[in-house]
Amino acid sequence: MINNRLSEDLAKVPAVTLGFWIIKVLATTLGETGGDTLSMTYNLGYLISSAIFVVPLIVLVFAQVAAGRFHPFLYWATIIASTTAGTTMADFATRSLSIGYAGGSALLLGCVLVSLLAWRLATGSVAVETVSGARSEIFYWITITFSQTLGTALGDWAADDGGLGYLGGAAVFGGTLLVLVGIWRFTSVSRVLLFWVAFILTRPLGATVGDFLDKPLAKGGLDLSRPLASAVLLAAIIAFVMLIPQRPGAHPRSS
């Protein structure tokens with residue numbers, strides 16, 4: 001009982017609840033519109049925009065690691081920083097480096113898997129409930145940043161190369177997440193595996209929804225203002241963080 005209580009007190013990440021996933025999807029959607037605001041609306045390009053977004057990401061990760069306990073706004077600010085940086089980094093890899101969405105997705109999937117393997121070898125577990133020390137936190141945020149970047153490339157691949165369009169891509173990724181909920185509810189498949197698969201797939205869901213909001217009408221979007229859409233999404237995230245109980249959580253272990 002004491003050990004369980006200590007683990008919960010030291011947890012630096014939120015409990016995985018329905019509220020967690022709602023805020024995560026909003027954050028990934030904001031990441032798409034926010035990243036596109038700098039790179040496209042303000043025409044800074046993918047490389048410069050990535051450099052701009054990486055700076056607050058690094059600062060926030062170090063603040064998260066240095067924090068003595070779980071701080072909801074700090075945690076979600078770091079998530080938003082990782083997803084905006086992931087948007088522009090993925091666009092740089094797939095478009096500026098001309099490796100395409102398939103090549104970028106394959107490269108970034110490899111980065112996620114290598115990060116998880118290194119984390120497992122270094123700490124013995126990639127379960128989110130074990131994220132409480134500096135070493136596991138660094139691996140956690142590296143893995144998250146790679147997964148956010150991968151999700152952007154997957155979303156673009158499905159919407160563009162896959163011919164699904166933005167709404168079609170959102171429907172596919174949303175449907176896949178519902179399948180994962182069913183697997184979680186009715187099977188004994190590793191909860192750790194399901195968490196990371198779901199975490200990755202919420203990013204392309206957010207990416208396709210974000211593209212639907214801000215891309216031109218001719219390309220299947222609503223052509224909404226990217227800065228305005230980003231501001232609305234940010235306000236929604238702040239409201240949900242304030243209204244939905246935020247607590248450090250004991251996450252389900254692998255069965």
Residues of the range 46-75 that turn out to be closer than 18 Å to residue 199 by Cα and buried (at least 22 other Cβ atoms within 10 Å of the Cβ), as a count = 0
Does the range 151-158 include one or more residues that are touching a Lys or Arg at 6+ places or on another chain (Cβ under 7 Å), at pLDDT below 90 and closer than 24 Å to residue 131 by Cα?
-> yes
When you look at residue 183, is it at pLDDT 95 or above, surrounded by 19 or more Cβ atoms within 10 Å (Cβ to Cβ) and in a helix (DSSP H, G or I), yes or no?
-> no
What helices (runs of 4 or more DSSP H) lie completely within the range 1-111 and have 3 or more residues being at pLDDT 90 or above and under 29 Å from residue 232 (Cα atoms)?
-> 18-36, 46-66, 72-91
Does any residue in the range 134-146 that is farther than 17 Å from residue 31 by Cα come within less than 6 Å, Cβ to Cβ, of a residue that is assigned to a helix (DSSP H, G or I) and aliphatic (A, V, I, L, M) six or more places away or on a different chain, and which pairs are these?
-> 134/65; 137/65
Given the conditions (1) in contact (Cβ under 8 Å) with a residue 40 or more places away in the chain; (2) in a helix (DSSP H, G or I); (3) out of contact with any Asp or Glu (no Cβ under 9 Å at 6 or more places or on another chain), which single one is not true for residue 126?
-> (2)
Can you name the condition, by its number, that residue 141 falls short on among (1) of a type outside the set (Gly, Ala, Ser); (2) closer than 16 Å to residue 111 by Cα; (3) touching a His at 6+ places or on another chain (Cβ under 8 Å)?
-> (3)
For the range 246-254, does any single residue satisfy the condition of being buried (at least 21 other Cβ atoms within 10 Å of the Cβ) and of a type in the set (A, V, I, L, M, F, W, C)?
-> no
Select from the range 186-198 the residues that are of a type in the set (Val, Ile, Thr), part of a helix (DSSP H, G or I) and either over 17 Å from residue 158 (Cβ atoms) or touching a residue at least 60 places away in the same chain (Cβ under 8 Å) (or both) and list them in ascending order.
-> 192
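The values are calculated or read from the model by the stated rules, or taken from the named source; none is laboratory data. Computed from a predicted model, the values in this text were never measured in an experiment. Methodologically, a virtual Cβ is constructed for each residue, glycine included, from the backbone with ideal geometry; neighbour enumeration extends over all protein chains shown.
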